[in-house]
Amino acid sequence: MRRLKLLGPLALLACILCGPVAAQSDGTQPDGTITVESDRAQDFATRDRIMAILGQLDGYGDVRATVSNGIVTLRGTVVDAGRIEDLNELVARVEGVVAIENGVTESTDVVERLNPALERMRERTEQAIAFSPLILVALSAAVAMWLFGFWLARRHWPWERLAPNAFIADIYRQVVRLAFVVLGVVLALDLLNATALLGTILGAAGIVGLAIGFAVRDTVENFISSIMLSIRQPFRPKDLVEIEGDLGHVIRLTSRATILLSLDGNHIRIPNATVFKARIINYTRNDERRFTFLLGVQADADIAEAQRIVLAALTELPFVLDAPGPAVWVEGLGASTIDITAAGWIKQHETGIGMAKGEAVRVVKARLEEAGITLPEPTYRLAGIGGAALGGSTAPKPGAKPAPVPVQAQDVGIAEVTALEEIIEAEREALPEDDLLRREAPQE
């Protein structure tokens, strides 16, 4: 009974001491039930076990441990703070530890902190020297793979045979170069048994590529549009096209833009992204092309007779086609005239559209005037005070009107078209390597 009475206060004292120590210590504390009896021999055995474990670990040479009633007190220094936290977890696993009071601090000694770094550098240098033959073999294999890929990409065959134009052939070459560069890196990492590093590299490259893609979104869109336009060409070289309201002959299609030469001789540069999405009118695709013009005859004229005269005038023109033939119809009522539309078809590769339209207007006007059908000017009536008419622009002039001189229909050539084609050909020959258009390529 007397012994139990003595053990009771001792157990209570141990609980009181363990409570503050556990509250003040850092890191993990051991779990489990605390025994009632204190064993001095077990304390020594626990201390010896802890010191033996620390002696086998690197970085804990300056740490000392004391054990009293299962409470472990740690003193000393380590080179980094991470080892202090690891020390708590390690000591808590030793049997017989009730609580841990960790007084280990981080060392500020310069030599002590530099020695591990120097040791690591020495170990890595020795490891690199030991692996240098394997590293040289891996680098040689990667370089050989890269050289073969670049040699294969420089070959004209089969890329120019597979690609519809030089631009696509260059893209094929770039893809081949990139593929062999990646294969060389994979081969080198595989020889070094470091293929796990490839996933990190590819992941970082993917993130960087995504960021760059968002930054140069317009450039990427323009590049993809260039590829699509060069594969399925909506127009040919020298074609007369209208793109987004710009009218001109196609000079060339580059990797960035479509270059037009306007009918005034000006260069028009349209980004390929705009061209790919635009509404394109190609006036050169078909050889037959129709011209139209509007004329107004006097209001009291015989409309049917006027239509017959206009149609006959169009028919006598040597450059107007018989099929499809010319046509004439009443367009509507003007302010002081009857509006008639005349239309005729020509072969635009043999006759200039502008010259043909001008000659048709000249002959039709002459034929109408020969028949006594005039093309009156606009009439205006001004009312003065009291509503009296002050005059008009159609007042007859004194004297007889001379008879109209007979007009003969003339054939028009393609002198203007030929001159413009010579300018276009000179523009195309200036930079022939930049053109992605080919006559033999498929066309939409």
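Using label points projected 7 Å from each Cα along Cα→Cβ, tell me how many nm separate A128 and T274, to one decimal.
According to this spin-label approximation, the distance is 5.4 nm.
Which distance in nm do the two modelled labels at Q56 and R177 give, with both placed 7 Å along the Cα-to-Cβ direction?
Reported label-point gap for Q56 and R177 is 5.7 nm.
Going toward the positive end of the dipole of segment 88-140, with +1 on Lys and Arg Cβ and -1 on Asp and Glu Cβ, which of V91, L118, L139 do you reach last?
The one lying farthest along the dipole's positive direction is L139.
Taking Cα pairs under 8 Å and at least six residues apart, what relative contact order does segment 234-318 come out at, in percent?
Here the relative contact order equals 22 percent.
With point charges of +1 on the Cβ of Lys and Arg and -1 on the Cβ of Asp and Glu, referenced to the Cα centre of segment 115-215, which listed residue (Q174, F214, A130) lies farthest in the positive direction of the dipole?
Farthest towards the positive end: Q174.
Looking at segment 40-158, what % of its DSSP beta bridges pair antiparallel, to the nearest 5?
Close to 40 percent.
Arranged from highest to lowest average of other beta-carbon atoms within 10 Å per residue, in what order do the peptides 238-249, 301-312 appear?
238-249, 301-312
Read-outs throughout are calculated quantities, based only on the coordinates presented, and are distinct from any laboratory measurement. All values derive from a computational prediction rather than experimental measurement. When we count neighbours, we look across all protein chains shown, and the Cβ atoms used for this are built from the backbone with ideal geometry, even at glycine.
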